[in-house]
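A.B. asks: Got a structure here, written out as structure tokens. Questions coming.
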């Protein structure tokens with residue numbers, strides 16, 4: 001990324017030297033993990049471009065939108081209904097929190113035994129490394145785990161934070177709570193943007209975001225082909241970018257990429273050598289640039305053909321019903337759609353177990369790798385149940401717990417390779 | 001030993017964190033097995049071990065497997081993980097084996113095998129070397145006992161004390177404070193061995209301990225760890241003659257199978 005953005009970054013109060021260092025590392029990392037792949041789709045050029053301009057052109061677009069009076073809303077979780085933000089004329093960006101930079105700063109205010117994702121977003125803020133966070137008019141947190149919940153209290157000393165309460169069960173009273181939370185969020189977004197949400201604007205937002213989900217669902221269907229026509233890393237990247245790219249442009253580009261994929265599937269062209277082991281990932285989200293585990297897997301004679309994760313099917317599986325005619329009817333449809341999310345913060349969470357087993361069977365994988373971030377209690381605990389459910393379906397599972405550091409690469413490689421050998 | 005075509009030898013090399021083992025197999029069984037310390041120059045050590053070995057198929061395993069495969073292009077090298085190597089080696093020596101435990105220099109692995117010898121499930125310690133050979137080595141040094149006789153030394157204890165920390169650094173400070181209280185070093189050594197045994201058993205129980213259990217890797221030389229495992233599990237623990245060669249043997253067997261498949 002050229003220094004032509006320096007002025008913009010300076011205005012956003014970034015630490016320019018540290019930021020330049022971050023971009024250099026990111027660029028090299030991307031080169032090693034992405035550009036080294038063989039037989040990539042032509043359509044991935046767009047994604048390469050978006051990554052190369054992640055802190056440049058995209059931030060410039062956000063600044064231009066702000067100059068026109070638009071408001072930017074940053075989020076960390078698939079529970080935050082983007083339909084509301086879009087319907088109020090705002091722009092929502094999913095903040096990534098997938099890099100280790102800033103951990104030192106974060107540990108000044110957070111306990112060391114906090115998950116890497118939380119450390120990352122706090123660290124990026126305190127180290128002045130993220131132009132997205134600095135562009136936000138509102139940052140929306142949520143109560144999906146105790147770590148995040150308490151971290152937002154600290155984060156709010158530095159940024160304007162609003163927190164949505166996520167129910168932890170799925171009883172009728174929880175739906176009532178969630179509906180009131182969606183309404184409270186709507187009022188907040190209307191206040192932040194200065195725009196009233198109407199039935200028309202909400203209808204359009206629902207349709208637009210469903211289209212993005214449909215494009216990603218199409219990607220998921222196509223990548224499931226045998227032989228796999230696209231690498232797991234590339235598919236993960238597409239899902240990651242869906243969180244911060246312009247939704248209309250992104251959807252169009254992914255549909256184009258899917259056309260190309262369709263051709264590959266028709267001609268039976270695979271991206272990996274014959275005999276490559278098909279695996280599925282399940283568990284914690286992998287935010288940009290957390291490509292460590294997929295890279296290890298795909299360098300060990302396997303290919304990832306699906307991600308059961310917030311940056312994966314958990315975010316794209318369900319559409320919002322488009323039949324609502326009134327504003328309240330549409331809000332109900334949004335409430336119902338988001339209540340179907342099978343996050344490990346719920347108890348019980350048997351839908352997730354069913355979804356994982358079904359997905360593994362549909363994708364015809366040899367095994368599932370369960371990925372947990374160290375200190376992420378909900379997913380770490382649920383791994384036990386996941387393994388049991390998979391084992392009942394005769395699908396082997398490997399449980400991996402790690403963070404964003406590279407020090408355990410070799411140990412992870414040995415485990416993943418041994419798992420691949422075992423499932424052959 | 002399987003039938004091997006005359007004149008065709010295969011080799012397995014296990015490049016671990018503490019030692020490197022080489023096993024060469026011919027039609028009549030292992031005819032060459034050597035072990036050497038890894039040192040700071042694993043490749044140089046491999047070079048020495050590989051002298052005179054030309055043209056045969058080699059399977060590398062252990063931490064240095066990738067490095068070895070990239071360097072020794074003159075022989076036909078591929079790699080397998082230690083999990084598979086130990087499973088194959090242990091199963092060859094004890095065809096009934098259902099569970100394999102390997103405690104090496106910085107790794108502990110437990111492997112559960114099917115009736116047919118396939119790996120069903122495995123567990124490995126993560127990045128921390130707590131409870132491995134490195135832990136014993138460090139503690140033996142702290143108590144000024146040669147590593148080779150550390151197990152015997154611990155078996156001379158007259159009382160069992162709990163050392164709760166598995167972290168090498170914390171366990172050392174626990175041992176130091178026990179010494180300061182006048183505890184016999186034999187008892188402290190026993191406490192340290194019990195810490196390893198408990199950690200190992202927890203890992204074994206995660207994959208399920210089905211008999212017979214084969215204990216391989218360098219730490220299997222330690223009679224105190226073996227005794228404590230047998231006591232706690234209430235079943236015999238089988239230790240091969242040369243427990244540290246099992247990985248290299250497994251790698252060599254894998255090479256043998258590949259050679260047979262190709263012919």
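A.B. asks: One residue is enough: does segment A:84-95 have a residue meeting the conditions touching a residue at least 40 places away in the same chain (Cβ under 8 Å), surrounded by fewer than 23 Cβ atoms within 10 Å (Cβ to Cβ) and assigned to a helix (DSSP H, G or I)?
C.D. replies: Within segment A:84-95 (the criterion being touching a residue at least 40 places away in the same chain (Cβ under 8 Å), surrounded by fewer than 23 Cβ atoms within 10 Å (Cβ to Cβ) and assigned to a helix (DSSP H, G or I)), the answer is yes, since at least one residue qualifies.
Results for (1) at the interface with chain B (Cβ under 9 Å from one of its Cβ atoms); (2) assigned to a helix (DSSP H, G or I), shown as yes or no for each residue.
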residue	(1), (2)
A:379	no, yes
A:404	no, no
A:412	yes, yes
A:415	yes, yes
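A.B. asks: Which members of segment B:55-74 meet the condition of being free of Cβ contacts under 8 Å to residues at least 24 places away in the same chain and more than 20 Å from residue B:250 (Cα to Cα)? Break it down into steps so the answer makes sense when it comes.
C.D. replies: Keep residues of segment B:55-74 that are free of Cβ contacts under 8 Å to residues at least 24 places away in the same chain, which gives B:55, B:66, B:69-70, B:73-74.
Within segment B:55-74, B:70, B:73, B:74 qualify.
A.B. asks: Taking segment B:126-139 as the search range and keeping residues that are buried (at least 24 other Cβ atoms within 10 Å of the Cβ) and in a loop (DSSP other than H, G, I, E, B), which one is nearest to the other protein chains (Cβ to nearest Cβ)?
C.D. replies: So, considering only residues that are buried (at least 24 other Cβ atoms within 10 Å of the Cβ) and in a loop (DSSP other than H, G, I, E, B), the one nearest to the other protein chains (Cβ to nearest Cβ) is B:132.
A.B. asks: Please work out which residue is farthest from residue A:295 (Cα to Cα), limiting yourself to segment A:381-402 and to residues that are at the interface with another protein chain (Cβ under 10 Å from one of its Cβ atoms) and without any contact (Cβ under 8 Å) to a residue 24 or more places away in the chain. Working first, answer last.
C.D. replies: Looking only at segment A:381-402, we keep the residues that are at the interface with another protein chain (Cβ under 10 Å from one of its Cβ atoms), and these are A:387, A:391, A:396-402.
Add one more test, that the residue is without any contact (Cβ under 8 Å) to a residue 24 or more places away in the chain, and what stays is A:387, A:391.
Values: A:387: 23, A:391: 25 Å.
Taking the candidates together, the pick is A:391.
A.B. asks: Then there is this: Is there a residue in segment B:187-207 that is part of a loop (DSSP other than H, G, I, E, B) and more than 25 Å from residue B:21 (Cα to Cα)?
C.D. replies: No: segment B:187-207 contains no residue that is part of a loop (DSSP other than H, G, I, E, B) and more than 25 Å from residue B:21 (Cα to Cα).
A.B. asks: Another question, then. Please state which of the following conditions residue B:166 fails to meet, knowing it meets all the rest: (1) outside any helix (DSSP H, G or I); (2) at pLDDT 90 or above.
C.D. replies: (2)
A.B. asks: Mind telling me which of the residues A:248, A:320, A:265, A:305 ends up being at pLDDT 95 or above and within 23 Å of residue A:420 (Cα to Cα)? I'd like the intermediate steps shown before the answer.
C.D. replies: Numbers: A:248 fails: within 23 Å of residue A:420 (Cα to Cα); A:320 fails: within 23 Å of residue A:420 (Cα to Cα); A:265 fails: within 23 Å of residue A:420 (Cα to Cα).
Exactly one of A:248, A:320, A:265, A:305 is at pLDDT 95 or above and within 23 Å of residue A:420 (Cα to Cα), namely A:305.
A.B. asks: Also, I was wondering about something else. Among B:226, B:214, B:209, which is the only one that is surrounded by 23 or more Cβ atoms within 10 Å (Cβ to Cβ) and not assigned by TED's automatic domain parsing to the domain that holds residue B:58? Quick ask: steps written out before the conclusion?
C.D. replies: Working: B:226 fails: surrounded by 23 or more Cβ atoms within 10 Å (Cβ to Cβ); B:209 fails: surrounded by 23 or more Cβ atoms within 10 Å (Cβ to Cβ).
Selected residue: B:214, the only one of B:226, B:214, B:209 that is surrounded by 23 or more Cβ atoms within 10 Å (Cβ to Cβ) and not assigned by TED's automatic domain parsing to the domain that holds residue B:58.
A.B. asks: Looking only at residues in segment B:102-111 that are more than 13 Å from residue A:418 (Cα to Cα) and within 11 Å of another protein chain (Cβ to nearest Cβ), which one is surrounded by the fewest Cβ atoms within 10 Å (Cβ to Cβ)?
C.D. replies: Result: B:106.
A.B. asks: Here's something else I'd like to know. For segment A:52-61, state whether one or more residues are free of Cβ contacts under 8 Å to residues at least 24 places away in the same chain and touching a helix residue (DSSP H, G or I) at 6+ places or on another chain (Cβ under 9 Å).
C.D. replies: yes
A.B. asks: Sticking with this structure for a sec: Being assigned to a helix (DSSP H, G or I) and in contact (Cβ under 8 Å) with a residue 40 or more places away in the chain is the filter; apply it to segment A:33-47 and report the residue that is farthest from residue A:293 (Cα to Cα).
C.D. replies: Going through the qualifying residues, I end up with A:46.
A.B. asks: How many residues are under 23 Å from the mean Cα position of the chain (by Cα) and either in a strand (DSSP E or B) or within 12 Å of residue A:91 (Cα to Cα) (or both) if we restrict to segment A:66-80?
C.D. replies: Result for segment A:66-80: 5.
A.B. asks: Right, here's the next one. Looking at segment B:9-29 only, could you name the residues that are under 11 Å from residue B:252 (Cα atoms) and not in a strand (DSSP E or B)?
C.D. replies: The answer is B:9, and nothing else.
A.B. asks: Residues in segment A:338-346: is at least one out of contact with any helix residue (DSSP H, G or I) (no Cβ under 8 Å at 6 or more places or on another chain) and free of Cβ contacts under 8 Å to residues at least 24 places away in the same chain?
C.D. replies: no
A.B. asks: From A:172, A:151, A:199, A:225, grab the single residue that is over 27 Å from residue A:375 (Cα atoms), touching a helix residue (DSSP H, G or I) at 6+ places or on another chain (Cβ under 7 Å) and without any contact (Cβ under 8 Å) to a residue 60 or more places away in the chain. Full working, then the answer.
C.D. replies: Working: A:172 fails: touching a helix residue (DSSP H, G or I) at 6+ places or on another chain (Cβ under 7 Å); A:151 fails: over 27 Å from residue A:375 (Cα atoms); A:199 fails: without any contact (Cβ under 8 Å) to a residue 60 or more places away in the chain.
None of the other options fit; the residue is A:225.
A.B. asks: Condition (residue is at the interface with chain A (Cβ under 10 Å from one of its Cβ atoms) and farther than 28 Å from residue A:374 by Cα) applied to segment B:112-125: is it met by at least one residue? Write out each step before concluding.
C.D. replies: From segment B:112-125, those at the interface with chain A (Cβ under 10 Å from one of its Cβ atoms) are B:118-125; that's our starting set.
Checking which are farther than 28 Å from residue A:374 by Cα leaves us with B:118.
Yes, because at least one residue in segment B:112-125 is at the interface with chain A (Cβ under 10 Å from one of its Cβ atoms) and farther than 28 Å from residue A:374 by Cα.
The values are calculated or read from the model by the stated rules, or taken from the named source; none is laboratory data. Computed from a predicted model, the values in this text were never measured in an experiment. Here the Cβ is made from the backbone with ideal geometry for all residues, glycine too, and neighbour counts use every protein chain on show.
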